[in-house]
Amino acid sequence: MRKPRDYDSQLKALDDKAKQLKDARQRQFGELVAATGADALSIEQLAGALIAAAASDLVTREEWRKSGAAFFQRGAKARGGARAKPGGTAANTGGGTSAPAASRAS
């Protein structure tokens, strides 16, 4: 006879994993803001820039994506050729307007 599945523990494990992913994403956004120097902006300026980025046209977003890719490639070369990882920010994982909103539109 089969052992019954423990759905509660599986659901809790999935919830824990989702929380870890969300925390990692938030940390990576913060690291991205600091790495680009955007932490020198006031919170209002940064919010305004992100709102404008989210509302921009596809051509502008593509230009920003290319610029962002070049930023990460320069960072990889500075780290000794290791492949740069934007920390999962290039993949659209849902959510509202977030720091890499412009880089997600590819």
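The values are calculated or read from the model by the stated rules, or taken from the named source; none is laboratory data. Please read these numbers as outputs of a predicted model, since none were measured by experiment. A quick note on method: Cβ atoms are made from the backbone with ideal geometry, for glycine too, and the neighbour counts reach across all protein chains shown.
For region 1-21, the set of residues classified as more than 22 Å from residue 72 (Cβ to Cβ), part of a helix (DSSP H, G or I) and not small (Gly, Ala, Ser) consists of 7, 8, 10, 11, 12, 14, 15, 16, 17, 19, 20, listed by residue number. Mind listing whichever residues of region 50-65 are of a type in the set (A, V, I, L, M, F, W, C) and over 16 Å from the mean Cα position of the chain (by Cα)? Once the filter is applied, which keeps residues that are of a type in the set (A, V, I, L, M, F, W, C) and over 16 Å from the mean Cα position of the chain (by Cα), region 50-65 yields 52, 55, 58, 59.
I'd like to know if region 57-79 contains one or more residues that are modelled with pLDDT of 95 or more and outside any helix (DSSP H, G or I). The answer is yes; a qualifying residue exists. Beta carbons closer than 7 Å, at least 6 apart along the sequence or on distinct chains, pair a first residue in region 23-47 that is exposed (fewer than 14 other Cβ atoms within 10 Å of the Cβ) and in a helix (DSSP H, G or I) with a second that is modelled with pLDDT under 95 and of a type in the set (A, V, I, L, M) for 39/33.
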